[in-house]
Amino acid sequence: MVNTLFKKSDKMPVTPIFNPEGDDRIENRSIWFGNTTNLMQLNDVRYSWAIGLYQQMRENFWIPQKLDITQDVTDYWNLTSQERKAYDGILSYLTFLDSVQTYNIPHLKSAITAPEISLCMAEQISQEAMHNQSYQYIIETIIPPDRRNTVYDFWRTDDILAERCKFVAGIYQKYVDNPTKENYFISLLADYLLEGLYFYNGFIFFYNLASRMLMPGSADILKMINRDELSHVRLYQKLIPEARAIFPHSIDQIYDMFAAAVEHECKWTNHIVDNDILGITEASTEQYTKYLANIRLRSIGLKPLYTEEKYNKSPYNHLERFSDTKKAAHTKANFFEASVTSYVMSSGVEGWDEI
């Protein structure tokens, strides 16, 4: 059912740099459409969860160069030709995802009128940029010089990846070109899909290699990125239900976007991984992607899209210990369902090269 609070043609307002006439009292504060001064008054906030999330995001701070990937330089040539192709292609894809996030999040953030939410999104932008630096660190350290440009430009030569990139960016661009309230909601939901669905088959590929004692340094870096992405997922799990209450949308529209995201993600993963990587098949990719989609839907208060029993469990449970961000490598809850507060970094960056 479409929310009729706004007409579909209504333009999304941009928060002013400074609004002297604003009212920052907690009872008048809202995530969107508030009358904020745009000053960061954080002593009394309406959305206390955002302060906790921001602190956790900051505690997760890490530096890619602190993680040793020298073994991966040798391991790279111990991969099969298909594994190297998948390694290169997935790195290229992940670089694209975090690149568009770095440019898209500011468009979403510009309409936010609750400073505590704005704070989280500012940190997200910083983390997305650092993730790109991490991919560059991997590429420049591990991949031979004569292959590096091929990785960066993989989307130029691979039609399936090009299609994937255009699909993801096109949804964001729709709001940039026509910033209506309806398009804002679509862009917000697309962001949730990217953070909650698109990275994870790539993560699984790296954890799969690590489970076979290959490319452990790359897997360590991806663990850190994985942890950051879960905090972003948590942010949008909070924002989407709030947005549904005020923005034009329909349930069918949400399910259609999820279904399209699953279809595109399976198509890309099956293309780049194929059935030539030990432990990953087209069937496991489909099961895992639909399993994740169901989790993300439940997390925003909607029923699962995929009702078969097999989509209620992950085919990659055996890889969870490789995605654990605790030194002991034992998670007390499913990594992909747990609250991000389960993965707090307590002592700065030091020691995390032991993971």
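Where a number appears in this text, it was derived from the coordinates with a stated rule and is not lab data. None of the values given here were measured: they were computed from a predicted structure. No Cβ is skipped: glycine too gets one built from the backbone with ideal geometry, and neighbour counts run over all protein chains shown.
Results, tabulated for the structure shown:
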| item | result |
| --- | --- |
| Thr157 paired with Phe18, simple spin-label distance in nm, labels 7 Å along Cα-to-beta-carbon | 5.2 |
| Listed pairs Lys11/Lys267; Lys11/Lys109; Lys223/Lys290; Lys11/Lys166 exceeding 27 Å between Cα atoms | Lys11/Lys267 |
| For Ser250, Ser118, Ser81, Ser211, order by how many other beta-carbon atoms lie within 10 Å, fewest first | Ser81, Ser250, Ser211, Ser118 |
| Simple Cβ-charge dipole of the chain, Lys/Arg +1 and Asp/Glu -1, about Cα centre, in debye nearest 20 | 700 |
| Karplus (6.51, -1.76, 1.60) ³J(HN,Hα), θ = phi - 60°, over the stretch 158-174, in Hz, Gly and Pro reported as x | 10, 5, 5, 5, 4, 4, 4, 5, 5, 5, 5, 5, x, 5, 5, 5, 4 |
| Degrees separating the helix 81-109 axis from the principal Cα axis of the chain, which is the longest one | 10 |
| R0 of 56 Å, Cβ-Cβ distance Asn43-Arg148: FRET efficiency to nearest 0.05 | 0.70 |
| For Thr180, residues with placed amide H under 5 Å, excluding near neighbours | Met12 |
| Summed residue charge, Cβ within 9 Å of Met57's Cβ, Lys/Arg positive, Asp/Glu negative | -2 |
| Unit charges on C-beta of K, R, D, E only; dipole of the stretch 23-152, Debye | 180 |
| Integer Hz, Karplus 6.51/-1.76/1.60 couplings in order for the stretch 12-20, x for Gly and Pro | 7, x, 9, 5, x, 4, 8, 10, x |
| Relative contact order of the stretch 70-338, pairs being alpha-carbon contacts under 8 Å that are 6 or more residues apart, as % | 21 |
| Ranked His249, His318, His271, His232, criterion: other C-beta atoms within 10 Å, fewest first | His318, His271, His249, His232 |
| Computed FRET value (nearest 0.05) for Glu309 with Phe33, which takes r as the C-beta separation and R₀ as 45 Å | 0.60 |
| Helix axis angle, 200-211 relative to the chain longest principal axis, alpha carbon, degrees | 30 |
| Two-site label geometry, Thr80 and Asp252: point separation in nm, points 7 Å out along Cα→Cβ | 4.4 |
| Distance between the stretch 266-317 and the stretch 62-100 - C-alpha centres, whole angstrom | 22 |
| Read-out percent of Cα pairs over 29 Å apart, derived from the coordinates shown; its label in (1) 40; (2) 52; (3) 60 | (1) |
| Computed lengthening from Asp177 to Asn275, 0.36 nm per intervening residue step minus Cα-Cα distance | 31.3 nm |
| Degrees separating the helix 115-142 axis from the principal Cα axis of the chain, which is the longest one | 20 |
| Computed label-point distance, nm, for sites Thr70 and His318 using a 7 Å Cα→Cβ extension | 3.2 |
| FRET E, pair Arg212, Arg58, Förster distance 35 Å, beta-carbon r, rounded to 0.05 | 0.50 |
| Under the Karplus curve 6.51 cos²θ - 1.76 cosθ + 1.60, θ = phi - 60°, whole-Hz ³J(HN,Hα) for the stretch 256-273, x wherever Gly or Pro sits | 5, 5, 5, 4, 5, 4, 5, 4, 5, 5, 5, 4, 5, 4, 5, 5, 7, 9 |
| Amide H contacts under 5 Å for Trp32, placed H, 5+ residues apart | Thr113 |
| Ranked list, fewest to most other Cβ atoms within 10 Å of each Cβ, for Cys165, Cys120 | Cys165, Cys120 |
